[in-house]
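Shown below is the structure under consideration.
The values are calculated or read from the model by the stated rules, or taken from the named source; none is laboratory data. Note that the coordinates shown come from a computational prediction; the quantities given were computed from them, not determined experimentally. Virtual Cβ from ideal backbone geometry, glycine too; neighbours counted across all protein chains shown.
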Amino acid sequence: MRFGILVLLVLAACAPVDSGGQLKSLKPERSLEQKSLKAIPSAPAGVHQEPVTVTGTGIQKSAPFHLEAGTYLVTWTATPSNAQGCYHGASLQSTNPDTPIFELLANELLDSGAPKSGQTFIYNLDAGDYYVDASSGCAWSFTFTQQ
């Protein structure tokens, strides 16, 4: 019984009181979970890249274009200029010589006059200016769509 009285005395001694010696009203605290959710800042909205399409014919380097940082789905098409077909190869390269990038985009042999298409992904690309370096005997296009 003495232990119970001691516990009550300790609890009473810890209770908040105002300057007049009266017990203060205790308001319920928000739970830790609510505090944590409120304390986490929302993630900043990233810059979303609109799809970029680059087209050309044959062996050439495209004009430079800008891509924001992120992962991209790259879809391509190649159309031979004759019934024998063509080779279609290309890579994505950076215009910045201090940060060389070489991402293979296509490496295909088209053995007829029929168009062909394909796709690949580029992961964790840094924001920057790039160009398509094509070694192709076809008319071609590449579309970069941020994921």
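Which residue, of THR143, THR95, is in contact with a strand residue (DSSP E or B) (Cβ under 8 Å, 6 or more places away or on another chain) and in contact (Cβ under 8 Å) with a residue 60 or more places away in the chain?
It is THR143.
Give me a count of the residues in region 98-143 that are more than 18 Å from ALA69 (Cβ to Cβ) and of a type in the set (A, V, I, L, M).
9
Additional query: Run down PRO64, PRO80, PRO115 and say which single residue is modelled with pLDDT of 95 or more, of a type outside the set (Asp, Glu) and in contact with a Leu (Cβ under 8 Å, 6 or more places away or on another chain).
Answer to the check: PRO80.
Out of everything in region 120-132 that is of a type outside the set (Val, Ile, Thr) and buried (at least 17 other Cβ atoms within 10 Å of the Cβ), what residue ends up being nearest to the chain's Cα centre (by Cα)?
Applying the filter and picking the extreme gives LEU125.
So which strands (runs of 3 or more DSSP E) are wholly in region 45-119 and hold at least 1 residues that are exposed (fewer than 11 other Cβ atoms within 10 Å of the Cβ)?
Here the list reads 102-110.
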